[in-house]
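Reviewing the structure listed below.
All of the numbers you see were taken from the coordinates with simple rules; none came from a lab. These figures come from a predicted structure and were not determined experimentally. In this analysis, Cβ positions are derived from the backbone assuming ideal geometry, glycine residues included, and neighbour counts consider all displayed protein chains.
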Amino acid sequence: MYLRFRGGKGVATGLGVFLRLMPLATLGAALVWLAVVAASRYVSLGSVLGAASAPLWAAALAYPRLILAAAGAVALIVIVRHKANLLRLASGTERRLGQRVSA
């Protein structure tokens with residue numbers, strides 16, 4: 001409500017879901033997010049790749065199929081919600097972490 005219901009793309013909610021369902025896999029996904037953001041300074045790219053890696057971590061750590069399916073669904077939602085960011089990344093117009101909006 002403080003952002004007038006704009007902004008967020010489900011990453012924080014997805015993180016909360018992932019932490020509850022599969023804490024170890026979430027740690028792996030968070031490390032992917034951190035590495036991508038540190039290397040590229042693109043938070044959106046880190047969010048997409050971290051979310052996409054969560055089901056892979058879940059599978060590698062042998063979480064139950066139901067949790068793996070839930071992780072895949074949440075990851076898909078996060079990725080779809082980042083469509084505009086991905087298009088800006090492809091066109092080279094996505095802002096980097098710490099970059100100010102040009103006037």
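Quick notes
- Residues in segment 77-93 carry Karplus couplings, in order, of 4, 4, 5, 4, 5, 9, 3, 5, 5, 5, 5, 5, 4, 5, 8, x, 10 Hz; the curve used is 6.51 cos²θ - 1.76 cosθ + 1.60 with θ = phi - 60°, and Gly or Pro positions show x.
- The phi-based Karplus calculation (6.51 cos²θ - 1.76 cosθ + 1.60; θ = phi - 60°) puts the 3J(HN,Hα) values of segment 46-58 at x, 5, 5, 5, x, 5, 5, 7, 4, x, 5, 4, 4 Hz, whole numbers, x for Gly and Pro.
- Rg/Rh ratio calculated on Cα atoms of segment 26-91 (Kirkwood radius): 1.01
- Only helical runs count toward this figure. For the chain, summing -39,500 (n - 2.57) over DSSP H runs of n ≥ 4 and dividing by all residues gives -23000 deg cm²/dmol at 222 nm.
- Using 0.36 nm per residue and subtracting the Cα-Cα separation, the extra length available between residue 96 and residue 83 on full extension is 3.0 nm.
- Between residue 60 and residue 35, the simple spin-label model (points 7 angstrom out along Cα→Cβ) gives 0.7 nm.
- Rounded to whole Hz, the Karplus (6.51, -1.76, 1.60) HN-Hα couplings of segment 28-37, x for glycine and proline: x, 5, 5, 5, 4, 4, 4, 5, 5, 5
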